[in-house]
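The values are calculated or read from the model by the stated rules, or taken from the named source; none is laboratory data. The structure displayed is predicted, hence computed values, not measured ones. Cβ placement follows ideal geometry from the backbone for every residue including glycine, while neighbour counts extend to all protein chains displayed.
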Amino acid sequence: MIDRDTILHIARLSRLQLSEQELQSFGQNLGDILTYVEQLNELDTTGIEPASHALPIFNVVRPDMVEHTLDEAGVFANAPDREDDFFRVPRMHG
């Protein structure tokens, strides 16, 4: 199990507010994960190439083709409010 200070540090970095019960639970869970990773480190991986996915992934793309799909009326057809050629949205207050 991971010590309380380490869990609090991780929670602070993650911007999490944990209850006392969650601190204990996360400590146990993180400890279990680290134990499992230690078991994986014992495996002989000589000759095995690193991989980010179990199956090969290929990027399927189509050629870019310029098409005009909507005219101005179509673009603004469902806009709740507009001003000239712009969508009108509520003002943001910061």
Scope the range 7-17; condition without any contact (Cβ under 8 Å) to a residue 12 or more places away in the chain and part of a helix (DSSP H, G or I); matching residues: 9, 12, 13
Residue in the range 18-35 that is surrounded by 10 or more Cβ atoms within 10 Å (Cβ to Cβ), not basic (Lys, Arg) and not in a helix (DSSP H, G or I) present: yes
Selection from the range 65-94 of residues that are among the small types (Gly, Ala, Ser) and at pLDDT below 85: 94
Residues of the range 49-76 satisfying the condition of being over 28 Å from the mean Cα position of the chain (by Cα), among the hydrophobic types (A, V, I, L, M, F, W, C) and not in a helix (DSSP H, G or I): 65, 66, 70
Yes/no for residue 62 being surrounded by 12 or more Cβ atoms within 10 Å (Cβ to Cβ) and either under 30 Å from residue 89 (Cα atoms) or among the basic types (Lys, Arg) (or both): no
The range 34-71: number of residues that are within 30 Å of residue 85 (Cβ to Cβ) and either among the hydroxyl-bearing types (Ser, Thr, Tyr) or in contact (Cβ under 8 Å) with a residue 40 or more places away in the chain (or both): 1
In the range 7-24, the residues that are of a type in the set (S, T, N, Q), at pLDDT 90 or above and out of contact with any helix residue (DSSP H, G or I) (no Cβ under 8 Å at 6 or more places or on another chain): 14, 19, 21
From 26, 76, residue being among the aromatic types (Phe, Trp, Tyr) and farther than 30 Å from residue 2 by Cα: 76
Some residue of the range 26-48 being at pLDDT below 90 and in contact with a Leu (Cβ under 9 Å, 6 or more places away or on another chain): yes
